[in-house]
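Visitor: Okay, here's the structure, questions in a sec.
We did not get these values from a lab; they are worked out from the coordinates using the rules stated. Quick caveat, the model's predicted, so the values are computed rather than measured. Neighbour counts are summed over all protein chains in view; Cβ atoms, including those assigned to glycine, are modelled from backbone coordinates with ideal geometry.
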Amino acid sequence: MKLKDCRKAYYDYSGKTSDLLRYIGYAGLAIVWTFRTSTENKIVIPHDLVWGSIFLLCGLISDILQYLIATVIWGCYHRYKEKRISEGTEFQASQYINWPANTFFALKAIAMVAAYWVLIKFLFDSFWTK
């Protein structure tokens, strides 16, 4: 195995994980929407699902920020290097360059786990403990 094989596996798995977390975020919002109630001029989310909704939104916002920050960092880094080296020159990027994006990746995963903990608890309490 070569280092590039490890890097490819990391990119494949982290990309797929991001996709799945985004999909379960949307699915979680659909679950919350299913249990909403409406009055004439107001939509009400069950009190037990408010924190779940907040976690879902934080997870989806973290998803956007992960890619937005990575885009800005790598775009700026590319521009910085473009002005200083020729096109075919090999160089090493700092080991810290992906930390901001990785932080939002981790926050996204934590938020989705927390959201689903709340959703599963709500569903369990609603359907199985009565």
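Visitor: Can you give the angle from 0 to 90° between the axis of helix 3-34 and the longest principal axis of the chain, with both taken from C-alpha atoms, to the nearest 10?
Guide: 20 degrees
Visitor: Any idea what angle helix 99-127 forms with the longest principal axis of the chain, computed on alpha-carbon atoms, 0 to 90 degrees, nearest 10?
Guide: 20 degrees
Visitor: Consider the candidate values (i) 20.3, 69; (ii) 16.5, 50; (iii) 30.5, 114; state which one is Rg and Dmax of the Cα atoms in Å computed from the structure displayed.
Guide: Matching entry in (i) 20.3, 69; (ii) 16.5, 50; (iii) 30.5, 114: (i).
Visitor: Kindly express, to the nearest 10 degrees and within the range 0 to 90, the angle between helix 50-82's C-alpha long axis and the longest C-alpha principal axis of the chain.
Guide: The helix 50-82 is inclined about 10 degrees to the chain.
Visitor: Sticking with this structure for a sec: If you filter region 66-112 for trypsin sites (Lys or Arg not before Pro), then keep DSSP loop positions with at most 14 other Cβ within 10 Å, what is left?
Guide: Answer by residue number: K83, R84.
Visitor: A further question follows. Considering Cα pairs under 8 angstrom that are at least six residues apart, work out the relative contact order of region 3-127 and quote it in whole percent.
Guide: 36 percent
Visitor: Output needed for region 44-88: three equivalent-ellipsoid semi-axes, defined as square roots of 5 times the C-alpha gyration tensor eigenvalues, in descending order, whole Å.
Guide: Equivalent ellipsoid of region 44-88: 42, 6, 5 Å, largest first.
Visitor: How much net charge surrounds Y11 when only the other residues with a Cβ under 12 Å from the Cβ of Y11 are counted, with Lys and Arg +1 and Asp and Glu -1?
Guide: It works out to a net charge of +2.
Visitor: Which of A115, A101, A93 moves most in a GNM of the chain, Cα contacts under 10 Å?
Guide: Comparing A115, A101, A93 in a Gaussian network model of the chain, the most mobile one is A93.
Visitor: Once phi is turned into θ = phi - 60°, what whole-Hz ³J(HN,Hα) does the Karplus curve with 6.51, -1.76 and 1.60 give for every residue of region 85-92, x standing for Gly and Pro?
Guide: Listing the rounded values in order: 10, 7, 4, x, 6, 7, 7, 10 Hz.
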